[in-house]
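Peer 1: First, the structure itself, so that you have it in front of you.
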Amino acid sequence: MKFSALVERVRGAGAAAWRTHYEAVAARERGEDVLILSVGDPDLETPAAVVERAIRQLRSGDTHYLPAAGRDALRAAIARAHARRSGQPVAAENVVYLAGAQNALFVTSLCLAGPGDEVVTFEPLYPTYPATIEVSGARLVRAPATAACRPDVAALGALIGPRTRAILWASPNNPSGVVLNEQELDVIAGLARRHDLWLIADEVYAGLAPGGRVPSLGATLPERMVTLGSLSKSHAMTGWRAGWLVGPRELALHAEHVAMCMLFGLPGFIQDAAIAALELADEAEARIREYCSARQALFARGIAGIAALRPLLPEAGMFMLIDVSGTGLTGAEFVRALYAAQRVSVMDGAAFGAATAHCVRVCFATDDGTIERACARLRSFCEAYLG
Ligand SMILES: Cc1ncc(COP(=O)(O)O)c(C=O)c1O
């Protein structure tokens, strides 16, 4: 039987990057001793008040259809949270509640780009970006990173042409933890004005940046700015699939139509729980920041002095890139060899683009014991390998 051209576009080249991770997950389910640092899912509980609100709503029968764009009270709460973080005055009508930032990017992609168009993003990039942009028929164009793993905004202009519709970035970045600064955003804003482009900021890690703030173009260019967010990382609520897009009213209307076709609304008891989560956002974000900074320090101490490993310290977030070229291995080779020898699963840097193919990415948002044991195994692996 025949399938659509779309199935090829969503297949994504990044699937192979998850091989070791899924092997490790299966091994853990069999009760084997594996340490998993390959996925960005914080090892913290959902805040109790959020769980309680969901249970209360479930018991009270909040189990029916809801508007496709989300409950008004939730859209208003998201608008307030966004306005507070970015300084961009927005209201409920600018918000569409979706099933995570991933879903919000998918909807944004379908609303803004199509066959023949291009969307530019920076390496290193989150591995679902290519398929999520190219599902629309558009092509994802990758701007290089500087040696310090920052977006090379000077190279951006040359990649923009008549087909370009949007510039997409994540700040803080996954995997580098880089937060785009005002100067970099100024260059992006200039290009957006000159070439009439949309700007898509993936701020799923914004709550993990210092003070829960990241520089934003929301207040400067509200007419072309789309911001994606969720509760996944800030509140350790990855499995609740609670996210959103914030943008101009017209985009929100189009996004609502896509959401209608795709989702026909999302569960009300989770939407009410999301309101409870936003009510305690300051507390939840402080918790995850504290958690990540303590684990990052522990991890950095754990691998200090391993000559072959050069950590690239993040500005924010839950990931660290480690340059493994001192071992003579590529990131992909390192991932396989480390898992085979020590049963520690980390992610190949090449999954995020060619610029980080000499790196691996670790997620340090896990318990102290796992970090300590993983660091000891990394040390043994490097000593044995180089020895
Ligand atoms: C940069 C980036 N964007 C989006 C997502 C998806 O987040 P959500 O759980 O809100 O869909 C992730 C998840 O790891 C991510 O790292």
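Bear in mind these aren't lab numbers, they're just calculated from the coordinates by the rules spelled out. Because the structure is a prediction, the values reported are computed rather than measured. With ideal geometry, Cβ positions are generated from the backbone for all residues, glycine too; neighbour counts draw on all protein chains shown.
Peer 1: Tell me, what ³J(HN,Hα) does each residue in the range 91-96 have, in order and in whole Hz, if you take phi through Karplus 6.51 cos²θ - 1.76 cosθ + 1.60 with θ = phi - 60° and put x for Gly and Pro?
Peer 2: Each residue of the range 91-96 in turn: 10, 3, 5, 8, 10, 10 Hz.
Peer 1: Separate question: Does the range 160-277 come out rounded, prolate or oblate by the C-alpha gyration tensor, with a ≥ b ≥ c the root eigenvalues, rounded set by a/c under 1.5 and, if not, prolate when a/b is larger than b/c and oblate if not?
Peer 2: Verdict is oblate for the range 160-277.
Peer 1: Using a 7 Å offset from Cα along Cα-Cβ at Ser4, what residues in the range 124-141 end up with backbone N under 17 Å from the label point?
Peer 2: 131-139
Peer 1: log₁₀ I(q)/I(0) of the range 69-222 at q = 0.13 Å⁻¹, via Debye over equal Cα point scatterers, no solvent, to two decimals?
Peer 2: The computed values of log10 I(q)/I(0) come out as -0.59.
Peer 1: Could you tell me which of Ala154, Thr108, Gln57 has its Cα farthest along the dipole of the range 48-280 towards the positive end, charges placed at Cβ (Lys, Arg +1; Asp, Glu -1), taken about the Cα centre?
Peer 2: Checking the options against the dipole of the range 48-280, the answer is Gln57.
Peer 1: Can you list residues from other chains, or at least 5 along the same chain, whose modelled amide H is less than 5 Å from the amide H of Ala138?
Peer 2: Gly114
Peer 1: Right, something else. Only Lys, Arg, Asp and Glu count, each charged at its Cβ (+1, +1, -1, -1), so figure out the dipole size of the chain about its Cα centre, rounded to 20 debye.
Peer 2: That gives a dipole near 380 debye.
Peer 1: Please name whichever of Ala294, Phe319, Val335 sits farthest to the positive end of the charge dipole of the chain, dipole taken about the Cα centre and charges placed at Cβ: Lys and Arg +1, Asp and Glu -1.
Peer 2: Going by the charge dipole, the pick is Val335.
Peer 1: Then there is this: Grab every C-alpha pair in the chain, bin the distances at 20 angstrom width from 0 up to the longest one, and report whole percents.
Peer 2: For the chain, the pair-distance distribution reads 28, 58, 14, 0.
Peer 1: Percent antiparallel among DSSP beta bridges with both residues in the chain, to the nearest 5?
Peer 2: 50 percent
Peer 1: Using the Karplus curve 6.51 cos²θ - 1.76 cosθ + 1.60 with θ = phi - 60°, work out ³J(HN,Hα) for each residue of the range 154-170 in order, rounded to whole Hz, and write x for Gly and Pro.
Peer 2: Those phi angles translate into 5, 8, 5, x, 5, 8, 9, x, x, 8, 5, 10, 7, 10, 10, 8, 10 Hz.
Peer 1: Taking N as the number of residues in the range 1-154, what is its alpha-carbon radius of gyration divided by 2.2 N^0.38 Å?
Peer 2: After normalising by residue count via 2.2 N^0.38 Å, the value is 1.34.
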